[in-house]
1. Take residue 99 and decide whether it is among the basic types (Lys, Arg), in a strand (DSSP E or B) and closer than 27 Å to residue 211 by Cα.
2. Any idea which of (1) open to solvent by 70 Å² or more (accessible area, probe 1.4 Å); (2) over 16 Å from residue 200 (Cβ atoms) is the one residue 128 doesn't satisfy?
3. Pull up the range 76-92, narrow it to residues that are in a loop (DSSP other than H, G, I, E, B) and more than 18 Å from residue 204 (Cβ to Cβ), then point me to the one that is nearest to the chain's Cα centre (by Cα).
4. Can you tell me how many residues in the range 154-187 are exposed (fewer than 12 other Cβ atoms within 10 Å of the Cβ), touching a residue at least 24 places away in the same chain (Cβ under 8 Å) and small (Gly, Ala, Ser)?
5. Among the residues that make up the range 31-39, is at least one of them surrounded by 10 or more Cβ atoms within 10 Å (Cβ to Cβ) and modelled with pLDDT of 90 or more?
6. Assuming residue 121 fulfils every condition listed in (1) closer than 19 Å to residue 177 by Cα; (2) in a strand (DSSP E or B) apart from one, which condition is it?
7. Restricting the first residue to the range 123-135 and requiring it to be closer than 14 Å to residue 111 by Cβ, which pairs with a second residue that is part of a strand (DSSP E or B) and open to solvent by 30 Å² or more (accessible area, probe 1.4 Å) meet a Cβ separation below 6 Å and a spacing of at least six or different chains?
8. Out of the residues in the range 135-153 that are under 16 Å from the mean Cα position of the chain (by Cα) and within 26 Å of residue 112 (Cβ to Cβ), state the one that is surrounded by the most Cβ atoms within 10 Å (Cβ to Cβ).
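The values are calculated or read from the model by the stated rules, or taken from the named source; none is laboratory data. Everything quoted here is computed from the prediction, not taken from an experiment. For neighbour counting, all protein chains shown are included, and Cβ atoms are generated from backbone atoms with ideal geometry for every residue, glycine included. These accessible areas exclude ligands, DNA and RNA; they are computed on the full protein's heavy atoms, side chains included. Shrake-Rupley method; radii C 1.70, N 1.55, O 1.52, S 1.80 Å.
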Amino acid sequence: MNRIENNTRPFSAYSPSETYLPQPVRSSETRWFAWSVVFGAAVLLGSVLLGFLMHDGRILLPPGSVTQPGSRENPVSTGGKCTIESLEKDMDGSYFHCRSIWALQQVLRGQEAFDCLSEKIENLPEPENGMEYLVLQFSVTLLNASGRADVQFSTRYFDAVDDSGSETIEWVSSLPETLPFVAVDQSVDGMLAMQVQKGDVPLLFYQAAKDKYYYFRAE
């Protein structure tokens, strides 16, 4: 006999004089109802939180995903690297977890940076008065992409501040905003370029998710 039949009073037990009242909810039904309410509330809460955490195609990751090096207290400098945990947006609009190593191979500035950029950008203008070009060259190794064969990272999630903490950096916008596609266990080279005050050593930060950043020092 199934649960419903077992918890229902047989019709033959009623006398014609009895007034039928709804049967009290049994403990097993109570538990089922309670779990249904909890599950529904969890789904609703998750949807609301997802809406709040979405920002420019990124989603907040759990605390602790940023570790040394690459933290604000210990930014990556030339010759250093850090492992970045990020959520990337697929072409179908879905999001997937990604793990990669970003190594800052070289920092060029002044005439050396100008010569490097001139090979890639036709008719590159001279830097503005009191400014100089700064080039950061990265190597990115893809460790995991949640089953995807390859990933294309975007440099538009980088921002920078100068020594005084002001966002006075002038980016070289004529460079591509994306790195070439990179397959799992493979590496690809990328470049960032900007104009800065002569001698300034800016702090760059990469937004891997909402309120989750990795830091690089251009030195």
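1. Numbers: among the basic types (Lys, Arg): yes; in a strand (DSSP E or B): yes; closer than 27 Å to residue 211 by Cα: yes.
When the stated conditions are applied, residue 99 passes them.
2. Status for residue 128: all satisfied but (2).
3. Taking the range 76-92 as the starting set, the residues that turn out to be in a loop (DSSP other than H, G, I, E, B) are 77-80, 90-92.
Next, only the ones that are more than 18 Å from residue 204 (Cβ to Cβ) stay: 90-92.
Numbers: 90: 12, 91: 15, 92: 17 Å.
Looking at the filtered set, the residue picked out is 90.
4. The qualifying residues number 0.
5. no
6. (2)
7. 132/109; 134/109
8. 153
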